[in-house]
Amino acid sequence: MSSNELLTLSRKARFNDLPSFSGQPSEDIEQFLKRIKNLTKTDTDITDAQRLEIVRGKLSQSAGTWFDDQEFTTWFQFETFFRGRYSSTMKSQTKFSELLQRKQQPDEPMATYFDDMVSLCREVDTDGRLLETIYLCLQEQG
């Protein structure tokens, strides 16, 4: 079996493991988008149309209907409209509060704490201002 065939099988398995997104308020849109991006980030030849086809395969119920009623041409356009449609202000505020209150526990390894903080920052900072968020958190703790 060639390395390309192994890569294809691996991607297919990862796609099958991805949870669907139906548009329910309890669902985490940032986690959903992160999983889609992680699935496609190693393929430098993937087009926006292909990425949109992948995401469509994981949208169900009202989210699938909403997607079908749109005409997205770029991944950026999809992400922007998707966040606008399904992002919850309350959930964002809760995540930001969680980020500000997060402290390293006495027996917690630094790597675990760091990874958790980076993950929270990415969930809070969807506009790509990760460093600004980290700086704000460090000021609050200092």
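Each value in this text was obtained by applying a stated rule to the coordinates, not by laboratory testing. Predicted model only: the values in this text are computed from it and were never measured. Positions of Cβ are generated from backbone atoms using ideal geometry, with glycine treated the same way; all protein chains shown enter the neighbour counts.
Overview of values
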| read-out | value |
| --- | --- |
| Amide H within-cut-off set for Phe21, under 5 Å, with H built and near neighbours excluded | Leu59, Ser60 |
| Spin-label model distance (nm) - Phe76 vs Asp48, 7 Å beyond Cα toward Cβ | 0.8 nm |
| Simple spin-label estimate for Met110 and Lys37 in nanometres, 7 Å along Cα-Cβ | 2.6 nm |
| Karplus 3J(HN,Hα) series, Hz, for segment 103-110 with 6.51 cos²θ - 1.76 cosθ + 1.60 (x for Gly, Pro) | 10, 6, 7, x, 9, 8, x, 4 |
| At most 14 other Cβ within 10 Å, DSSP loop - GluC sites (Glu not before Pro), segment 53-107 | Glu71 |
| √(5λ) per eigenvalue of the Cα gyration tensor, segment 37-86, largest first, Å | 19, 11, 10 |
